[in-house]
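Here's the structure, in structure tokens; my notes come after.
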Amino acid sequence: MVATGNHEANYIGQPFRPSWSNYGSDSQGECNVPYEARFLMPKTGQGNNWWSIERGPMHLIVLSTEHDFTTSSPQWNWLLQDLRSVDRVKTPWIVIAGHRPMYIALPEDNKNTIMSHHIRSHLEPLMEKYKVDVGLWGHVHSYERTRPVLQGHCVGNYTDPKGPVHFVIGMGGMEAPQNEARSSPEWSTFQSGGYGYTNIRVSRDSFELEYWTDGGSSLRDSITLQKKAE
């Protein structure tokens with residue numbers, strides 16, 4: 001399962017490049033072409049850029065933060081229709097994943113923070129309306145877990161969440177984990193700069209995520225979200 005990011009898709013002159021974005025030329029001329037040719041994701045959206053799949057009790061949606069995600073764009077309209085189509089009896093958990101994070105505890109003037117606010121302003125209303133449970137993000141080469149959060153405010157708790165819980169899981173990146181100056185908003189509950197990976201287990205009643213480091217010998221974080229019958 002793959003999601004496109006800046007090193008696959010960003011180039012000078014790409015069609016979606018708003019003034020508030022921090023898109024560069026990180027694809028080094030690849031322009032998303034090798035990414036599209038090498039991988040084959042479910043044909044439920046637009047190629048490998050945005051798509052969805054069901055696995056057990058989970059409906060997984062993968063978005064592109066490198067293509068237009070703003071309100072009423074083709075990707076936004078597809079996401080709306082996909083969320084509308086989810087059968088919560090069959091797949092009670094909805095997980096959305098993408099490259100650039102929607103929530104990241106960095107200073108307000110950090111380019112990743114600025115970008116996150118714009119991603120949030122366009123996508124979070126849909127996530128709230130259709131009760132998305134989890135967000136999985138990368139780009140920043142570290143690990144972070146939020147509390148259940150909407151519009152920058154904590155809502156509920158892990159046993160009775162009233163909004164999505166977001167995870168930044170970029171700690172397997174190409175370079176040393178980033179040790180940027182961090183902030184401490186109320187919604188950020190765990191941050192770590194160590195290399196690692198995650199294990200995820202999903203049942204009808206629970207979503208469990210573990211963060212392991214040191215080659216799998218150290219469990220650094222573990223959280224279980226509970227799904228209450230509606």
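The values are calculated or read from the model by the stated rules, or taken from the named source; none is laboratory data. As the structure is a computational prediction, the values presented were derived from the model and not from experiment. Positions of Cβ are generated from backbone atoms using ideal geometry, with glycine treated the same way; all protein chains shown enter the neighbour counts. The area values use the complete protein model at the heavy-atom level, side chains included, leaving out ligands, DNA and RNA. Shrake-Rupley method; radii C 1.70, N 1.55, O 1.52, S 1.80 Å.
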ask   = Residue by residue, what Karplus-based ³J(HN,Hα) values in Hz, rounded to whole numbers, does region 85-94 have, using 6.51, -1.76 and 1.60 with θ = phi - 60° and x for Gly and Pro?
value = 7, 5, 8, 6, 6, 6, 10, x, 9, 10
key: Cut-off under 5 Å, modelled amide H: who pairs with residue 59 long-range   = 93, 94, 95
message = How much accessible area per residue does the chain have, counting only protein heavy atoms and a probe of 1.4 Å, in square angstrom?
response = 47 Å²
task = State to the nearest 20 debye the size of the charge dipole of the chain about its Cα centre, where the only charges are +1 on K and R beta carbons and -1 on D and E beta carbons.
result = 600 debye
note = CD proxy, 222 nm, the chain: helix-only mean residue ellipticity via -39,500 (n - 2.57) per DSSP H run with n ≥ 4, per residue, nearest 500, stands at -5500 deg cm²/dmol
inquiry  = Please give me the summed charge of the neighbours of residue 14: other residues whose Cβ is under 12 Å from its Cβ, Lys and Arg +1, Asp and Glu -1.
reply    = -4
task = Grab the other residues whose beta carbon is less than 11 angstrom from that of residue 90, score K and R as +1, D and E as -1, and report the net.
result = 0
remark   = Which of 131/227; 90/227; 43/111 exceed 23 Å between C-alpha atoms? The answer is 43/111
remark   = Which of (1) 124; (2) 159; (3) 144 gives volume of the Cα convex hull per residue in Å³ as computed here? It is (1)
inquiry  = Of all beta bridges DSSP finds with both residues in the chain, what is the antiparallel percent, to the nearest 5?
reply    = 70 percent
task = Report, by chain and number, residues whose modeled amide H sits under 5 Å from the one on residue 190, excluding near sequence neighbours (fewer than 5 apart, same chain).
result = 145
query = Charges only on Cβ, +1 for Lys and Arg, -1 for Asp and Glu: so what's the dipole of region 70-178 about the Cα centre, in debye to the nearest 20?
reply = 280 debye
query = Can you give the FRET efficiency for residue 46 and residue 87, using 1/(1 + (r/R0)^6), R0 = 30 Å, r = Cβ-Cβ distance, to the nearest 0.05?
reply = 0.85
request  = May I ask you to give the percent of accessible area on the chain that is carbon plus sulfur, with a probe radius of 1.4 Å?
outcome  = 52 percent
